[in-house]
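The values are calculated or read from the model by the stated rules, or taken from the named source; none is laboratory data. Everything quoted here is computed from the prediction, not taken from an experiment. Please note: Cβ atoms are built from the backbone with ideal geometry, for glycine as well, and neighbour counts cover all protein chains shown. Accessible surface is based on the protein model in full, side chains and every heavy atom, while ligands, DNA and RNA are left aside. Shrake-Rupley method; radii C 1.70, N 1.55, O 1.52, S 1.80 Å.
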Amino acid sequence: MKELATLFFRLGFTAFGGPAVHIAMMQEEVVTKRKWMTHDHFLDLVGATNLIPGPNSTELAIHIGHERAGWRGLLLAGVCFIFPAVVLTACLAWLYKRYGTLPDLQPYLYGIKPAIIAVVLSAVFPLAKRSFKSVELAIAGLVVLVLSLAGCNEIYLMFGTGLTYLAWKRVGPGRGKGSLFPLTLLKLPSTVLVSASNAQLFWIFLKIGAVLYGSGYVLFAFLDTELVATGLLSRQQLIDAIAVGQFTPGPVFSAVTFIGYQIGDWSGAMVATLGVFLPSFVFVAMLNPLVRRLRNSVGFSAFLDAVNVASVAIIVAVCFDMAKASVNDWRTILIAFAGLLLTFRYPRINSAWIVLGGAAAGFLLYLI
């Protein structure tokens, strides 16, 4: 329990860059360094988190905690991973509400973004080797990569790939019978009052946490509809929340702490945070005991193989989009190249040092 808490508390302070980077860092710590599980099972957990709503990297941390120490580990790993980001975000929210602006984060983001691309690529390489088990799966991965870069919705790509591959496998002789259809995207009504109480705030964020698939950017689109359009939040506050979500480590969903504080001070921050993360603990608690059993099912095993391939392809697509947006001059190219060189030359180096080194290099080069 102590080792689990220490690991995820440290990751909560150093895991910059969004879910793809968080997954890469967890893979390094849990599979490569500590040998807590195999690459194959880690991939299964990554695939499982993509099948349920909520923040994927947080759910993966909760899965790992459950694998390591049961129910206590489930709670401990999730809370420790979330806690640092929530505290840092709450402090920024207080400063923002008091002074009306955020500190200048651009020099640090300038170097962090190229560095985390190197972290993602170094981690996704072994995952790709393990997930491309056949020519058909490799082709599926390339198709998903192209469609993801073209802007197709992530959840449609994962479910579509899984169901298509499952159907193809069932055509051949000797295939397993029966299939399992995963959770469907729920649609709940979104009616709020202009003046939100804590109970209403909790319901808004509980609903978002329970139905939202996709990245943190999908979260912000959801918040625009739920909060900006209803007058609870200004668009500038939402934009500033996006900046906070990018700069702070840990799950991007911690930006709801910032938003909750703007609407309802400390109590608003608490209920917003609890509401958006609570469904993840519930979903993982229900799903985790089934993962190993489902892997032993012929039908679902094929489905999970395809979902794993799609997940890797989507991570690569996210990395490509990040590179287009952040690697655009000689300074950022230099930081990205140095990060790639270090991660592939010294695979056991802690990725947190790559990220922090990128932040420092970005700050110094930004001043030139």
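Checked against (1) in a helix (DSSP H, G or I); (2) within 15 Å of the chain's Cα centre (by Cα), Trp71 passes all but condition (2).
Residue count for the range 45-60, restricted to those that are open to solvent by less than 10 Å² (accessible area, probe 1.4 Å), assigned to a helix (DSSP H, G or I), touching a Ser or Thr at 6+ places or on another chain (Cβ under 9 Å) and more than 17 Å from Cys80 (Cβ to Cβ): 3. Taking the criterion of being assigned to a loop (DSSP other than H, G, I, E, B) and at pLDDT 70 or above, the only residue of the range 348-358 that qualifies is Ile349. Remark: pairs (first residue in the range 195-213, within 11 Å of Leu223 (Cα to Cα); second residue hydroxyl-bearing (Ser, Thr, Tyr) and modelled with pLDDT of 80 or more; Cβ separation under 9 Å; 6+ apart in sequence or on different chains) = Phe205/Thr273. Restricting Ser195, Ser254, Ser215 to those that are under 28 Å from Val87 (Cα atoms) and at pLDDT 70 or above reduces the list to Ser254. Just checking, does the range 64-82 include any residue being under 21 Å from Ala313 (Cα atoms) and open to solvent by 10 Å² or more (accessible area, probe 1.4 Å)? No; the residues of the range 64-82 include none that is under 21 Å from Ala313 (Cα atoms) and open to solvent by 10 Å² or more (accessible area, probe 1.4 Å). In summary, Ala269 fulfils each of the numbered conditions (1) within 27 Å of Ala77 (Cα to Cα); (2) open to solvent by 10 Å² or more (accessible area, probe 1.4 Å) with the single exception of condition (2). Condition test on Arg68, is it at negative phi, modelled with pLDDT of 90 or more and not aliphatic (A, V, I, L, M)? Against the criterion (at negative phi, modelled with pLDDT of 90 or more and not aliphatic (A, V, I, L, M)), Arg68 qualifies. For first residues located in the range 25-54 and touching a residue at least 60 places away in the same chain (Cβ under 8 Å), partners that are of a type in the set (Phe, Trp, Tyr) and in a loop (DSSP other than H, G, I, E, B) and lie 6+ apart or on another chain with Cβ distances below 7 Å form the pairs Pro53/Tyr213.
Residues that are surrounded by fewer than 23 Cβ atoms within 10 Å (Cβ to Cβ) and at pLDDT 85 or above within the range 5-26 comprise Ala5, Thr6, Phe9, Arg10, Phe13, listed in sequence order. Being among the small types (Gly, Ala, Ser), at pLDDT 90 or above and surrounded by 21 or more Cβ atoms within 10 Å (Cβ to Cβ) is a condition met by no residue of the range 111-118. Scanning the range 304-314 for residues that are at pLDDT 75 or above and either under 15 Å from Leu51 (Cα atoms) or among the aromatic types (Phe, Trp, Tyr) (or both) turns up Asp305, Ala306, Val309, Ala310, Val312, Ile314.
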